1. With 5 Å bins from zero, work out the P(r) of the stretch 40-108 over every alpha carbon pair and list the percent per bin.
2. Suppose a student asked you for the relative contact order of the stretch 79-182, using Cα pairs under 8 Å spaced at least 6 residues apart; what percent would you report?
3. May I ask which residue of 49, 39, 92 lies farthest towards the positive end of the charge dipole of the chain, with charges of +1 (Lys, Arg) and -1 (Asp, Glu) on Cβ and the Cα centre as origin?
4. Using a simple spin-label model with points 7 Å from Cα along the Cα→Cβ vector, what separation in nm is obtained for residue 119 and residue 42?
5. Given the rule -39500 (n - 2.57) for each run of at least 4 DSSP H residues, summed and divided by the residues of the chain, what is its mean residue ellipticity at 222 nm, to the nearest 500 deg cm²/dmol?
6. Express in % the proportion of alpha carbon pairs of the stretch 89-129 at distances exceeding 15 Å.
7. Rounded, prolate or oblate: pick one for the stretch 112-183, where a ≥ b ≥ c are the square roots of the eigenvalues of its C-alpha gyration tensor, a/c under 1.5 means rounded, and failing that, prolate if a/b is larger than b/c, else oblate.
8. Got a sec? Charge dipole of the stretch 111-183, +1 on Cβ for Lys and Arg, -1 for Asp and Glu; which of 175, 118, 149 is way out at the positive end?
Amino acid sequence: MWVHQKLAEQGESAREDVFRVAEFVDGEGFHLLGKHYRLKLVDIPKNVTGVPSVRFEGDRLLLRREQAASGGKRIEEYYTRAAHPYLNETVQRWKRIVGAEPGRFVQVMDLGYRWGSCSADGTLNFHWRVMQLPARIIEYVVVHELVHIKVPNHSEKFWKMLGSVMPDYESRKAWLKQKGGEL
């Protein structure tokens, strides 16, 4: 009981150690598909409509200044919307190679400390932050979860199957472990 209580007390502070906590000030760095962008807060006149809260232009991530206080939520919404088509296309491409058929559609959400998961029914779940990773690392996360449809654990059989469809998975896995939380 004591161990569980201590883990619960560390929950949020431990989570901050996994992912960098962004500040919503001019010049803050963000990533989309591995490319680095600098935040620029922009003022939009009240009579102008249809300007999204978040958009990428050139090497800038533009965020409406009046949305800065809720910047974390706005960024999460943007990445979640962008992730659905991107991840679905990546899953479609790799599922044939892996020989796995997901049970349902891709879901994008906050998975806490995990980049992805595979439910018992074959639903593939991905953290919205996955959109910050370079494309080749996103592929690793997708393929990892697709292999879980066939092998639901991290046994030797799992890693052997992963290696048979993605021979360089170890370097991708190492990159994710080393740099994933910095994004």
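1. Over the stretch 40-108, the share of Cα pairs per 5 Å bin runs 3, 14, 19, 17, 13, 10, 9, 8, 5, 2, 0 percent.
2. Numbers: 130 pairs, mean separation 26.4, N = 104.
Relative contact order of the stretch 79-182: 25 percent.
3. 92
4. Placing both labels 7 Å along Cα→Cβ, they lie 3.7 nm apart.
5. Numbers: 5 runs with 82 residues, N = 183.
After summing the helix terms and dividing by residue count, I get -15000 deg cm²/dmol.
6. Cα-Cα pairs in the stretch 89-129 separated by more than 15 Å: 42 percent.
7. Working: a/c = 2.01, a/b = 1.23, b/c = 1.63.
It comes out oblate by the Cα gyration axes.
8. 175
Laboratory data are not the source of any read-out in this text; all were calculated from the coordinates shown. None of the values given here were measured: they were computed from a predicted structure. When we count neighbours, we look across all protein chains shown, and the Cβ atoms used for this are built from the backbone with ideal geometry, even at glycine.
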